Amino acid sequence: MIVTIDGPSGVGKSTVTKELAARLGFEYLNTGAMYRAVALAVQRAGIRFNDEAAVTAALSGVHVEMPPGCVLLNGEHVAHLIRTPELSRGASEVGVHGAVRQMLAAAQRTAATGRDMICDGRDQGSFVFPLAECKFFLTADARVRAERRAAELAAAGQQVSVEDVMRDQDDRDRRDAARALAPMAAASDAVILDTTHLTSKEVIERLENVVRDLRACPRRR
Ligand code: DC
């Protein structure tokens, strides 16, 4: 069974995805990390993130794999290198290019084939897995998302103002929703959940109930 969880930056998808996967005994795929790994490869090659021709040409030397709990770029563990503000922006910028999206969408479909997997990102339900059995799209007020993210960064020892987080978040959301191929969007059959006033535990419980109901009584397609 494939479960997709999409939504904008800072809405809490990765926390919810990990915990929901643990509760259901599913694997999970954090597709944002794949875009971040491509951005790291592009940065290392000295290519500008928005240079579509150069990024596309470089892709033949970029291989991203996501074994459980790891992000491998050409076999190197890079999970600890990709959570910087520059690579957040870079992931969003390289994600505009069609060749990057096609390459990563193919890798995501291969990773999920024959598995019980929760895939989180921006386009998982709308583009990568149009036939996923269960789709969610999470939203939350932009300021609340920025406040949550700033608190997470502070807990990790990085002091960033809510205003700065919000500026970066707005830029990324606008770019992610406006690109030509597979823009961030809720699939027409996604369950949309506004998490503004919910704790992550409450979000996980609601999603878990929907998945369990669907497993007991699958939708007809
Ligand atoms: O989920 P994240 O913040 O790690 O994602 C970083 C960027 O990667 C995001 O701003 C846009 C891009 N991305 C994408 O285009 N499609 C996805 N399925 C996941 C991420």
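A short reminder: the numbers here are calculations on the coordinates, not readings from a lab. From a predicted model like this one, the values you see are computed outputs, not experimental measurements. FYI the Cβ positions are ideal-geometry reconstructions off the backbone, even for glycines, and counts take in every protein chain you see.
Structure data summary
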item: Nonlocal amide H pairs with Thr139, under 5 Å, H built at 1.01 Å; result: Leu193, Asp194, Thr195
item: Stretchable slack from Glu76 to His63, in nm (0.36 nm times residue separation minus alpha-carbon distance); result: 3.7 nm
item: Normalised convex hull volume, region 94-152, alpha-carbon set, Å³ per residue; result: 123 Å³
item: Ala156-Val144 pseudo-label distance in nm [points 7 Å out on the Cα-to-Cβ vector]; result: 2.2 nm
item: Calculated on alpha-carbon atoms, Rg and Dmax of the chain in Å; result: 16.8, 51
item: Listed peptides 90-101, 180-191 by packing density, highest first (mean Cβ within 10 Å); result: 90-101, 180-191
item: Candidates Val78, Val160, Val11, ranked by Gaussian network fluctuation over the chain, Cα under 10 Å, top entry; result: Val160
item: Inter-part distance where region 95-109 and region 152-221 are each reduced to a Cα centre, Å; result: 20 Å
item: Average projection area in nm² (convex hull over Cα atoms of region 129-221, one quarter of hull surface); result: 7.5 nm²
item: Mean residue ellipticity (222 nm) of the chain, computed from DSSP H runs ≥ 4 via -39,500 (n - 2.57), nearest 500; result: -15500 deg cm²/dmol
